[in-house]
Structures are given as structure tokens and as C-alpha cells.
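Enquirer: First, the structure itself, so that you have it in front of you.
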Amino acid sequence: HFHNSFLHFSRCAPAFGFSQVISSTHPILARIGEDALLTCQLLPKKTAMHMKVTWYRSEPSTPVFASWDGADVTEMQMEEYRGRVEFIKDGIHEGNVALKINNIQPSDNGQYWCHFQENNYCGETSLLVKVAGEYFGKDRVLEGEIY
């Protein structure tokens, strides 16, 4: 039945009074092999504990990660993110959630959507991840900075 719920997913209507979803307008810069943190915030602040929170790239039906009513939903998750993403919900009662992508790969470059749904109402925002060149290792020095 999860599949049907995902198909039903895009029919929600952005509602007057439903929280706005905001995220950084700057790209999130990450290096290959490192972690990236994608954060979104509901405004006005309200708990997202009982919402469907979905992170996806182009297709909501195959999410990078989904959490419904506080429980992880992995059935339809994109294969390449299985076991590599972590949902950070320390701030979920204030409507703040984050997705941590571990061990960044070149294929992680690009746009992500953060989608909140409550009943038939929803809101979403997009974030851009930019993956920087090759991995330098922890002990190499580049242009005077320690990476």
C-alpha cells in the first residue's frame, strides 16, 4: 500500500495557512567522500512529527528518504541512498529537519526536494548540492587550507 500512497502524494494542494518550507538558497558544497547536510524549516514553526517528510530528486515516488509520522519508510527508497542517508530530527518539533548524506559521490551532485505533507496539504522547497572535485584525503594540504 505504500506505493499507492506515493502515487497519491503529488495531488496535495499548497494550502493557505499551511507552513512555508524554506531552505538555504546557497548551494550546499560537499567533497567526495565527505558528508553533506541538507536542512529545511517549516514557517511558521510547527511540529512535523506527524507529517510525511520526503526528500527526493526528480521523482517523489522513489525518494532519497521518507519519514511518515516519525517512522522511516524505506520500501521505495532509491537504491543508491540505502544505508547512506540519515534523517536528523532533533528539531522536528519546531519544524526543522535535515537529511545527512554520508560518503558523498559525484552522482549526488544536483537538486533535491524537501517535501512536507499533512493530510491533503503540502509544501516543498528545493536545495542544490554541489560536489567539489576529487577527494584529497584528510592529511593533504591544498592552497594553505587543511581539508
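The values are calculated or read from the model by the stated rules, or taken from the named source; none is laboratory data. Keep in mind it's a predicted model, so treat the numbers as computed, not measured. As a convention, Cβ positions derive from the backbone with ideal geometry for all residues, glycine included, and neighbour counts pool all protein chains shown. For the accessible areas, the whole protein counts, side chains as well, though only heavy atoms, and no ligand, DNA or RNA atoms are used. Shrake-Rupley method; radii C 1.70, N 1.55, O 1.52, S 1.80 Å.
Enquirer: Under 8 Å between Cβ atoms, at least 6 apart or on separate chains: pull out the pairs that start in region 75-91 with a residue that is touching a residue at least 12 places away in the same chain (Cβ under 8 Å) and end on any residue that is among the hydroxyl-bearing types (Ser, Thr, Tyr) and assigned to a loop (DSSP other than H, G, I, E, B).
Expert: Between residues of region 75-91 that are touching a residue at least 12 places away in the same chain (Cβ under 8 Å) and residues that are among the hydroxyl-bearing types (Ser, Thr, Tyr) and assigned to a loop (DSSP other than H, G, I, E, B), the close pairs are 76/61; 76/62; 77/62; 78/62.
Enquirer: Go through region 53-77 and report how many residues are surrounded by fewer than 21 Cβ atoms within 10 Å (Cβ to Cβ), over 17 Å from residue 36 (Cα atoms) and not polar (S, T, N, Q).
Expert: Of region 53-77, the ones surrounded by fewer than 21 Cβ atoms within 10 Å (Cβ to Cβ) are 57-62, 68-77.
Right, trim to over 17 Å from residue 36 (Cα atoms) and you get 58-62, 68-77.
Filter once more, so that each one left must be not polar (S, T, N, Q): 59-60, 68-73, 75-76.
Total satisfying the criteria: 10.
Enquirer: Going by the conditions given, is residue 126 assigned to a strand (DSSP E or B), of a type in the set (Gly, Ala, Ser), open to solvent by 10 Å² or more (accessible area, probe 1.4 Å) and within 22 Å of residue 26 (Cα to Cα)?
Expert: On the way: assigned to a strand (DSSP E or B): yes; of a type in the set (Gly, Ala, Ser): yes; open to solvent by 10 Å² or more (accessible area, probe 1.4 Å): yes; within 22 Å of residue 26 (Cα to Cα): yes.
Yes; evaluated as a whole, the condition is true for this residue.
Enquirer: Right, another one. Which one of 130, 138, 89 is modelled with pLDDT under 95, farther than 22 Å from residue 45 by Cα and among the basic types (Lys, Arg)?
Expert: Values: 130 fails: modelled with pLDDT under 95; 89 fails: farther than 22 Å from residue 45 by Cα.
None of the other options fit; the residue is 138.
Enquirer: Could you tell me which residue of region 81-95 is farthest from residue 70 (Cα to Cα), considering only residues that are open to solvent by 80 Å² or more (accessible area, probe 1.4 Å) and not basic (Lys, Arg)? Before the answer, list the steps.
Expert: Looking only at region 81-95, we keep the residues that are open to solvent by 80 Å² or more (accessible area, probe 1.4 Å), and these are 82-83, 86, 90, 93-94.
Filter again for not basic (Lys, Arg), leaving 83, 86, 90, 93-94.
Numbers: 83: 18, 86: 13, 90: 12, 93: 11, 94: 14 Å.
Taking the candidates together, the pick is 83.
Enquirer: Separate question: How many residues are modelled with pLDDT under 95 and either touching a helix residue (DSSP H, G or I) at 6+ places or on another chain (Cβ under 7 Å) or within 16 Å of residue 110 (Cα to Cα) (or both) if we restrict to region 38-61?
Expert: Residues meeting the conditions: 8.
Enquirer: Are any residues in region 99-118 surrounded by fewer than 20 Cβ atoms within 10 Å (Cβ to Cβ) and part of a strand (DSSP E or B), and if so, which ones? So that I can check it myself, show each step before the final result.
Expert: Of region 99-118, the ones surrounded by fewer than 20 Cβ atoms within 10 Å (Cβ to Cβ) are 100, 102-103, 105-107, 109-111, 118.
Of everything in region 99-118, those that are surrounded by fewer than 20 Cβ atoms within 10 Å (Cβ to Cβ) and part of a strand (DSSP E or B) turn out to be 100, 110, 111, 118.
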